[in-house]
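*Asks:* First the structure, then my questions, so here it is.
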Amino acid sequence: MKAWILDSTDAGLRLQEVPDPKVRDGGAVLQMRAVQVPAYTRVLTMGGRGGIATPTVLGIGGIGRVLDVGDDVQTVRPGDIALCTGFLETGRLADPEEVLLGWTGIAGRGAASAATDAMRRVWRTGTFAERALMPASTLVALPGAEHYPHPASLAFLPWLTIAAGAVERSALRPGGRLVVTGASGQLGGAVVLLALARGAGTIVAVGRNPASLERLAALDPRVRTVRSVADRAADGEAIADALGGDADVTIDALGAAPTVDLTMAGFDVLRLDGTMVLLGGVRQTLPIPYDELMHRRITLRGSWMASNEVAYSVWRQVRAGSIDLTALDVATADLEDPDAVLARAEATNGLSIVALTP
């Protein structure tokens, strides 16, 4: 079969013929149907997003048809259309450890351990391929997905699931006022879609890309947009004006921003007893004042990935039409030219995505 192989972060991504994956206990083989190529994939292949176990078939998440399952697997069955999250846990309650397969990312303090090394060594088949072998625990069967009229758009389900984890942790209520910083990115766009489905009253989408912000504003009258000027005070004032007051919740979905100004602008506009959820990839130290956090009774939470139950809930909302994936601009691609696909993906943002359809 064809797959995208990353031998090392110095070698670059390449197309290669590799043996078909063989099913084993605890796993399932999928025929991949739609896999999103994140905008930052090229950066990741060059080592810019943290350590990754190589050599590996690259690729995170995606939608596939189950071809075969291990004798001990009952969560998915041959013929199912399934979501692959790529999110593998040890299952230990006392000291759980978690990794992303075929990608970069280790939970907790981000440090590798014997357990995370073993998980990545055993499961080396990512989803940028015609077929993939994945642990059954990373798969969620999607009843009715075989009839979904826009199958390529289902590549966005893993991103929606991650966003849904943040929305769940924020305790956003129907009618609530939400600020999404980094909204012009793909994860931020997913948060906006989830918040609309949850019944948010006002959503202020903050970002830098005007075209992405215009697409978000067109979704619903409840979405108001602010173009960031990368100044904490100015952005905070613009956000407050768009809200008409304070925010109940801020969800930060910024990528590797050079400063914390926009993140802190989202903190500044929170009301008393407000909640801030950190979802993105900011690699800076936040200057959170102890007395403000205490006196304003702010809840500050991190959100990394989400449970299979959240993923299934997202699918039910998509299937019911509560989350409308026709809002996405989906460009499809095959496996033949990795470099060209990565270049296309780099140019995407917000609700614009590239989906591999092997």
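*Asks:* Look at the range 4-39 and say how many of its residues are within 25 Å of the chain's Cα centre (by Cα), within 26 Å of Thr75 (Cα to Cα) and among the aliphatic types (A, V, I, L, M).
*Replies:* 6
So that you can scan it fast, the table gives a plain yes or no per residue for (1) open to solvent by 30 Å² or more (accessible area, probe 1.4 Å); (2) in contact with a strand residue (DSSP E or B) (Cβ under 6 Å, 6 or more places away or on another chain):
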{"position": "Ala11", "(1), (2)": "yes, no"}
{"position": "Pro19", "(1), (2)": "yes, no"}
{"position": "Val29", "(1), (2)": "no, yes"}
{"position": "Arg33", "(1), (2)": "yes, yes"}
{"position": "Thr41", "(1), (2)": "no, no"}
{"position": "Thr45", "(1), (2)": "no, yes"}
{"position": "Ala53", "(1), (2)": "no, no"}
{"position": "Leu58", "(1), (2)": "no, yes"}
{"position": "Gly64", "(1), (2)": "no, yes"}
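*Asks:* Determine, yes or no, whether Pro174 is modelled with pLDDT of 95 or more, open to solvent by 10 Å² or more (accessible area, probe 1.4 Å) and under 26 Å from Arg42 (Cβ atoms).
*Replies:* no
*Asks:* Give me the strands (runs of 3 or more DSSP E) completely within the range 1-111, filtered to those with at least 1 residues that are more than 17 Å from Ala141 (Cα to Cα), ordered by residue number.
*Replies:* Here the list reads 2-6, 13-17, 27-36, 87-89, 98-100.
*Asks:* Hey, another quick one. Restricted to the range 223-244, and to residues that are in contact with a helix residue (DSSP H, G or I) (Cβ under 7 Å, 6 or more places away or on another chain) and not hydrophobic (A, V, I, L, M, F, W, C), which residue is most open to solvent (accessible area, probe 1.4 Å)?
*Replies:* It comes out as Arg227.
*Asks:* Here's another thing I want to ask about it. Please enumerate the residues belonging to the range 258-269 that are open to solvent by less than 20 Å² (accessible area, probe 1.4 Å) and free of Cβ contacts under 8 Å to residues at least 60 places away in the same chain.
*Replies:* The answer is Met264, Phe267.
*Asks:* Then there's this: Taking the range 246-279 on its own, how many of its residues are small (Gly, Ala, Ser), at pLDDT 95 or above and part of a loop (DSSP other than H, G, I, E, B)?
*Replies:* Selection size over the range 246-279: 1.
*Asks:* Let me ask you something else. Somewhere in the range 30-45, is a residue over 26 Å from Thr161 (Cα atoms), touching an Asp or Glu at 6+ places or on another chain (Cβ under 8 Å) and hydrophobic (A, V, I, L, M, F, W, C)?
*Replies:* The answer is no; no qualifying residue exists.
*Asks:* Among the residues of the range 177-215, write down those that are part of a loop (DSSP other than H, G, I, E, B) and open to solvent by 10 Å² or more (accessible area, probe 1.4 Å).
*Replies:* Ser184, Gly185, Gly199, Gly201, Arg208, Asn209
*Asks:* List pairs: first in the range 127-150 and modelled with pLDDT of 95 or more, second aromatic (Phe, Trp, Tyr) and open to solvent by less than 10 Å² (accessible area, probe 1.4 Å), Cβ under 7 Å, 6+ apart or cross-chain?
*Replies:* So the pair list comes out as Phe128/Trp4; Ala129/Trp4; Leu142/Trp315.
*Asks:* From the list Val282, Val354, Val310, Val277, which one is in contact with a helix residue (DSSP H, G or I) (Cβ under 8 Å, 6 or more places away or on another chain), free of Cβ contacts under 8 Å to residues at least 60 places away in the same chain and either under 20 Å from Val192 (Cα atoms) or among the charged types (D, E, K, R) (or both)?
*Replies:* Exactly one residue qualifies, and that residue is Val282.
*Asks:* Which ones in the range 314-323 are without any contact (Cβ under 8 Å) to a residue 40 or more places away in the chain and either buried (at least 18 other Cβ atoms within 10 Å of the Cβ) or not in a helix (DSSP H, G or I) (or both)?
*Replies:* Gly321
*Asks:* Residues to consider are Val282, Val229; find the one that is out of contact with any strand residue (DSSP E or B) (no Cβ under 8 Å at 6 or more places or on another chain) and part of a loop (DSSP other than H, G, I, E, B).
*Replies:* Val229
The values are calculated or read from the model by the stated rules, or taken from the named source; none is laboratory data. This one's a predicted model, so the numbers in the text were calculated from it and none came from an experiment. A quick note on method: Cβ atoms are made from the backbone with ideal geometry, for glycine too, and the neighbour counts reach across all protein chains shown. Ligands, DNA and RNA are excluded from the accessible area calculation, which covers all protein heavy atoms including side chains. Shrake-Rupley method; radii C 1.70, N 1.55, O 1.52, S 1.80 Å.
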